[in-house]
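Written below as structure tokens is the structure these notes are about.
Taken together, the values in this text are just the output of simple stated rules run on the coordinates, not laboratory data. These figures come from a predicted structure and were not determined experimentally. Note: ideal-geometry Cβ built from the backbone for every residue, glycine included; neighbour counts use all protein chains shown.
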Amino acid sequence: MNITWLGQGGFLIELPGARLAVDPYLSDSLACKGLPRLVAPPCSPRALRPSMVVCTHDHDDHFDPATIGPIAAGQTDCQFAGSASVIRHALQMGIDSHRCRQLQWFECISHGPVVLCAAPAEHDGDAIGLVVEHAGRRIYVSGDSVYFDELARGIVKAAGSPLDLVLICINGRAGNMTWQQAVHVVCAVGPRAAVPMHYGMFASNTADPAPFVEAVRAAGIGATTLQVGMPMDLEAILDRASR
């Protein structure tokens with residue numbers, strides 16, 4: 001299982017028989033709204049070649065029409081999944097309904113060898129997090145969410161079994177938890193390791209990942225950061241996080 005951070009909340013998860021893109025933002029479409037990218041996209045949308053795209057909610061840095069459009073047009077066998085608002089937007093863009101799968105909290109679907117389960121999130125009304133399970137390994141991707149008391153319990157319920165890796169937002173702005181709140185969630189969930197994300201993309205909406213990593217490690221859980229565009233095997237991430 002290879003994991004590549006695409007920047008912001010986006011990841012490419014490569015598995016035998018599946019290429020899963022979660023919240024890919026590979027354009028600079030938000031520059032016109034005063035949010036230019038701080039880092040270049042690691043690849044073009046068409047070069048991503050996902051077999052499925054999952055978007056946790058309908059905000060441009062998670063469901064980006066300038067990214068989704070070229071993927072949908074260039075790869076007609078690619079499937080799309082996400083919250084209700086994401087699927088409405090996909091249909092409005094002309095993506096065929098048979099290619100779209102709506103996900104609600106705790107709903108699970110299969111995609112080839114992968115099982116995807118929607119976890120709770122509170123961000124824009126119908127946002128979701130995501131648990132990805134393959135061959136006994138489980139990864140949680142938070143998407144965007146504020147902190148709320150039942151978040152950790154909902155993640156554990158969606159996962160069904162202990163998590164290997166948590167990929168969690170830390171920027172503390174625009175409807176996201178702070179790094180301190182993210183540490184609290186990680187400690188309550190108890191994965192083998194945690195990786196911070198949703199920072200370093202926009203100058204006005206970022207955070208320093210170092211305090212999060214230090215605090216998680218101090219709590220006895222592995223933690224590390226990822227470099228945008230650099231694929232890493234899950235086992236290598238877990239090993240680096242534990243050093």
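Of the set (1) buried (at least 17 other Cβ atoms within 10 Å of the Cβ); (2) in contact with a helix residue (DSSP H, G or I) (Cβ under 9 Å, 6 or more places away or on another chain), all apply to Trp5 but (2).
A Cβ distance below 8 Å, combined with a sequence gap of six or more or placement on separate chains, defines the contacts here; from region 139-151, residues that are more than 14 Å from Pro191 (Cα to Cα) reach residues that are among the polar types (S, T, N, Q) and crowded, with 24+ Cβ neighbours inside 10 Å in the pairs Gly143/Thr56; Asp144/Thr56; Asp144/Asn176; Ser145/Asn176; Val146/Asn176; Leu151/Ser145.
Scanning region 83-121 for residues that are closer than 19 Å to Ala72 by Cβ, surrounded by 16 or more Cβ atoms within 10 Å (Cβ to Cβ) and free of Cβ contacts under 8 Å to residues at least 40 places away in the same chain yields Val86, Ile87, His89, Ala90, Ile95, Arg99, Cys100, Arg101, Gln102, Ile109. For Gly229, the criteria (1) in contact with a Pro (Cβ under 6 Å, 6 or more places away or on another chain); (2) over 30 Å from Ser27 (Cβ atoms) hold in every case but one, which is (2).
Just to be sure I understand, how many residues within region 54-67 are buried (at least 17 other Cβ atoms within 10 Å of the Cβ), without any contact (Cβ under 8 Å) to a residue 40 or more places away in the chain and over 14 Å from the mean Cα position of the chain (by Cα)? Residues that pass the stated criteria total 0. Of the residues Val115, Val195, Val189, the single one that is within 22 Å of Ile87 (Cα to Cα) and not small (Gly, Ala, Ser) is Val115. If the condition is being outside any loop (DSSP other than H, G, I, E, B) and either among the hydrophobic types (A, V, I, L, M, F, W, C) or over 17 Å from Asp23 (Cβ atoms) (or both), then region 111-130 contributes Val114, Val115, Leu116, Cys117, Ala118, Ala119, Ile128, Leu130.
To keep it simple, each residue is scored yes or no on (1) among the β-branched types (Val, Ile, Thr); (2) out of contact with any Pro (no Cβ under 9 Å at 6 or more places or on another chain); (3) more than 20 Å from His123 (Cα to Cα).
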site	(1), (2), (3)
Leu38	no, yes, yes
Pro42	no, yes, yes
Arg49	no, yes, yes
Thr67	yes, no, yes
Pro70	no, no, yes
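Would you say Asp77 is over 23 Å from Val195 (Cβ atoms) and under 14 Å from the mean Cα position of the chain (by Cα)? Answer is no for this residue.
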